[in-house]
Amino acid sequence: MRPQALWTFLGDLWLLAGLTCQEAVDECLSQPCLHGGTCEDIVAGYTCRCPEAWGGRDCSVQLTGCQGHTCPLAAACIPTFESGVHSYVCRCPSGTHGPSCGQNTTFSLVAGNPLQVSVPAAGPLGLALRFRTTLPAGALATRTDTQDSLELELALAAATLQATLRSHGHTVLVLRLPDLVLDDGHWHQVEVTLRLGVLELRLWHEGCPAQLCVVSGSVAPAPTASTATPPAGFCSVQLGGAAFAGCLQDVHVDGHLLLPEDLGATVLLGCKRHEQCQPPPCAHGGTCVDLWTHFRCDCPRPYHGPTCADEVPAATFGLGGTPSSASFLVHQLPGPNLTVSFLLRTRERAGLLLQLANDSAAVLTVFLSEGQIRAEVLGSPALVLPGPWDDGLRHLVTLSFESDQLPGLGQQVHVGGRLRPADAQPWGGPFRGCLQDLRLNGLHLPFLSPLLGNSSQPSELGSRQSRNLTMGCVSEDVCSPNSCLNGGTCLVTWNDFHCNCPANFTGPTCAQQLWCPGQPCLPPATCEEVPDGFVCVAEATFREGPPVAFSGHNASSGLTLGGLSLAFRTRDAEAGLLRAAGTLAAVWLAVRNGSLVAGVRSGRGRGLPGAVLPEPGPRVADGTWHRVRLAMERPAAAASRWLLWLDGAVTPVALRGLAGDLAFLRGPGSARVLLAENFTGCLGRVALGGLPLPLARPRPGAAPGLREHFSAWPGAPAPRLGCRGEPVCAPSPCLHGGACRDLFHAFACACGPGWEGPRCEARADPCRSAPCVRGRCHALPDGRFECRCPAGFAGPRCRLPVLPEECSLNVTCLHGSPCEGGPQGANCSCQDGPAGQRCQLSCETNPCLNGGTCRAAGGVYECICSTRFSGQFCEVVKGLPLPPPFPLLEVAVPAACACLLLLLLGLLSGILAARKRRQSEGTYSPSQQEVAGARLEMDSVLKVPPEERLI
């Protein structure tokens, strides 16, 4: 028989299991901690971390020790429960201590001046403190137990918290909290403890879950000092170190509080410091680093110095077209790898920048080629840095090479060219522009000495030679002579220029004339600039008159006519908008049956059927403004699809078929363009190939443009400018605050809440459409509706079924009403006054109008109205006159008399006809016999087919 493991229960604790008690048992599985307490399993037991209001071994005792406490006002009372006795402790604010919290525990530390102190070794080994600093690294506190050779350190590493345990000089365990940066100058509370072979690091921080981050690790084998009762003696504590500068407070070593007076007479009390980076001390975009007692500026190149105020001098190469160069002899390059960096500014697309050579050949050459930087290494393919680098801006160039890429690197460094300009021609010739802050790894190569001036002859400068260099980054005088035309002012912008032009000229050199500043168009027309001229653009009104015609015989042959655009508004169901027809070519836009039609037929390709908008087109005869754009999909093709955009739609509509461009509308012999044929409405901007048609003419005396691309056909009538329909909205026909919308000879009213009808004349009934899926719909005074759901359903439209709920903590009846269970779920028995499923409705908001009294009963509101009002919310006035009733008597009585008279006349005529028929019976009448006999004879001879009888 296989032996089975046994569990041992002793003293209210489950201990160990197994035949030899080798298995640890987790006592927290039974969840012994009450009232939200957190259970922590320990050997042969557990520990409960209780909420503030509870204590005891299982958090089962409500703490009452703070009732009637005598803590000072600045302190917080913490209730305790030990050995069955309720008591309390007074917790002072951070940085204070003592019976009245008047003793300061805050002090400052200076880098390189740590504080040493000895404290009694008692209680669990640990360090706890609060600190603030702006330094990313440094030791906060170190506890050393000389008897056991144990060292516990709290430190910052890369601005994050780190705890290290060492034994006999060897690192046993390192704990880190790497995700939280703590060099922000704020106070942070930390703690590290060694207990029962477990090292635990804690950080209280708002970035932690529940504002507490914990990391722990087992120490194996457990140091001897980690026992619960360490041997008597002293331990050494060091606060701060060689790198840390900042403030500490509330420092506890093994639970013992270190006060500033315990640390010696030289300790700096308090935490006084000045924000080192406020105001920002670094110039030229430098980054300030707060080092607690001072600051450091990280400067961008080419600036340097304590506050980035100094600049490495730049040198200008090739000023005025004179070849320039600089040469250096470097005895030993810092290595083994090589990084070349410098600042570059130029507008030249080619030129030699840098070359490293030995006595026989160039090993590394860096040069400009077509605006890109290329680096050639002897025996290797070229390295390309895409540009543009020739835009006249200052750029930092960095090139890095491995040691195996540069075999036999020479000691000669040539910058900007060679001593003989012809030697630089294979790489684009001598460089023209500015170079600054040249570095080979960490070695800086100065171009010029500030004490030496320029020299046109080569001069020996020790290990440096320079020729024709200019101190600073100097621009060429590109404004001499003046490059701006028509009175423009030339401004140098470093090897380039900018022209400030007069009001009637524009362009890089003020060569293009502007026509609209002279105001050549009269209102309501506006002036629009076009190449070599202007066009007066305006809206125009048409009323079934003759069309307006235009010609493009002056349009440039280089003008691409790949599309047109047109704005219009009309209520005309049959009208022409635009039409032009030439030999084997045509284009049209029109309204047919209230819909838009469009088509293009071009003669550039034989056999092309043309492109036509599929029918039916969009409805456009609604009196609102519409904007149509018609364009080729591929303007450069001989034949292409045509696309139509209406009212700025993102997705166009493709015309069916292919067609070419509108070239037949330009040049000599071009087709006439007709606008507004049999059209009643308004036209806005009409453009062909992006050029607007001149619906308005310039003012008399205005200077004409150099070219009029499209002009009015001679003798064509001038349109009536401005869009003027009937004044349908003046005064507004809309009632009750409705907004009138002009639809050209018609109007539409946008009604406010609660009103409807063509003129907003009728009260809107929001319940007319039966919006409630279940329950009853009730109209609200503001024009909205409310669905009152039956039992078991909820939601704005009573769509959602409500699952039955039992009376529990999740079902709360308001206003003290009791909850009663039943087969339909929980139900609240509301007291007098409130109503609703949870007794949540009350009359405090008083929804009743006109002095009505609200009463909530049976789950609904009820308004008790005064004698003059009625309705659900007392919103209806009883005394208002009703519309006159239908005049039933005045209409019905004469109609009944007339019908009776007609009936009598019909009866009388029937009686007379019957008497006449009886009088004729038995007498001979030749005419009647002939007719009757003929009819009988024909009936016996010929039977007429049914179809013929019908005819």
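The values are calculated or read from the model by the stated rules, or taken from the named source; none is laboratory data. Model, not experiment: these values are computed from the prediction. Cβ atoms come from the backbone with ideal geometry, glycine included; neighbour counts cover every protein chain shown.
Listed conditions (1) outside the structural domain of THR624 (by TED's automatic domain parsing); (2) modelled with pLDDT of 95 or more are all met by ALA730, apart from (2). When the test is whether a residue is buried (at least 21 other Cβ atoms within 10 Å of the Cβ), on the phi > 0 side of the Ramachandran plot, part of a loop (DSSP other than H, G, I, E, B) and not hydrophobic (A, V, I, L, M, F, W, C), GLY623 passes it. The number of residues in region 692-728 being farther than 16 Å from PRO524 by Cα and free of Cβ contacts under 8 Å to residues at least 40 places away in the same chain comes to 6. Take the residues in region 226-262 that are modelled with pLDDT under 90 and crowded, with 20+ Cβ neighbours inside 10 Å, then tell me which one is farthest from GLY123 (Cα to Cα). Taking the candidates together, the pick is CYS235.
HIS97 fulfils the conditions (1) touching a Gly at 6+ places or on another chain (Cβ under 6 Å); (2) in contact (Cβ under 8 Å) with a residue 40 or more places away in the chain except for a single criterion, (1).
Could you check region 697-723 and list, in sequence order, the residues that are over 28 Å from ALA585 (Cα atoms) and either surrounded by 17 or more Cβ atoms within 10 Å (Cβ to Cβ) or out of contact with any Ser or Thr (no Cβ under 7 Å at 6 or more places or on another chain) (or both)? Full working, then the answer.
Looking only at region 697-723, we keep the residues that are over 28 Å from ALA585 (Cα atoms), and these are 697-706, 720-723.
If the condition is that a residue be over 28 Å from ALA585 (Cα atoms) and either surrounded by 17 or more Cβ atoms within 10 Å (Cβ to Cβ) or out of contact with any Ser or Thr (no Cβ under 7 Å at 6 or more places or on another chain) (or both), then ARG697, PRO698, ARG699, PRO700, GLY701, ALA702, ALA703, PRO704, GLY705, LEU706, LEU721, CYS723 are the ones that fit.
Considering only region 632-655, I want to know if a residue exists there that is hydroxyl-bearing (Ser, Thr, Tyr) and in a strand (DSSP E or B). Yes, some residue in region 632-655 is hydroxyl-bearing (Ser, Thr, Tyr) and in a strand (DSSP E or B).
For region 600-641, which residues satisfy the criterion of being in contact (Cβ under 8 Å) with a residue 60 or more places away in the chain and either more than 17 Å from LEU665 (Cβ to Cβ) or not basic (Lys, Arg) (or both)?
Taking region 600-641 and keeping what is in contact (Cβ under 8 Å) with a residue 60 or more places away in the chain, we get 600, 602-603, 622-624, 627-632, 635.
Residues satisfying the conditions are VAL600, SER602, GLY603, ASP622, GLY623, THR624, ARG627, VAL628, LEU630, ALA631, MET632, PRO635.
Which of the residues spanning region 30-59 are surrounded by 16 or more Cβ atoms within 10 Å (Cβ to Cβ), in contact with a Phe, Trp or Tyr (Cβ under 7 Å, 6 or more places away or on another chain) and among the charged types (D, E, K, R)? Selection gives nothing. As a summary of the residue check, CYS299 satisfies the conditions (1) surrounded by fewer than 19 Cβ atoms within 10 Å (Cβ to Cβ); (2) farther than 24 Å from SER94 by Cβ except for the one numbered (1). All conditions but one from (1) assigned by TED's automatic domain parsing to the domain that holds THR47; (2) surrounded by fewer than 20 Cβ atoms within 10 Å (Cβ to Cβ); (3) out of contact with any Pro (no Cβ under 6 Å at 6 or more places or on another chain) apply to CYS66; the one that does not is (3).
Picking from residues in region 243-293 that are touching a residue at least 60 places away in the same chain (Cβ under 8 Å) and polar (S, T, N, Q), the one that is farthest from LEU154 (Cα to Cα) is GLN276.
Scanning region 58-76 for residues that are in contact with a strand residue (DSSP E or B) (Cβ under 7 Å, 6 or more places away or on another chain) and more than 22 Å from CYS90 (Cα to Cα) turns up just one, ASP58.
Looking only at region 175-199, filter to residues that are outside any loop (DSSP other than H, G, I, E, B) and within 43 Å of the chain's Cα centre (by Cα); which one of those is surrounded by the fewest Cβ atoms within 10 Å (Cβ to Cβ)?
Filtering region 175-199 down to residues outside any loop (DSSP other than H, G, I, E, B) leaves 175-177, 188-195, 198-199.
When the remaining residues are screened for being within 43 Å of the chain's Cα centre (by Cα), the result is 175-177, 188-191.
On the way: LEU175: 17, ARG176: 14, LEU177: 19, HIS188: 19, GLN189: 16, VAL190: 23, GLU191: 18.
Per the criteria, the residue is ARG176.
Scanning region 338-346 for any residue that is within 17 Å of LEU406 (Cβ to Cβ), surrounded by fewer than 20 Cβ atoms within 10 Å (Cβ to Cβ) and either more than 48 Å from the chain's Cα centre (by Cα) or of a type outside the set (Ser, Thr, Tyr) (or both) turns up at least one such residue.
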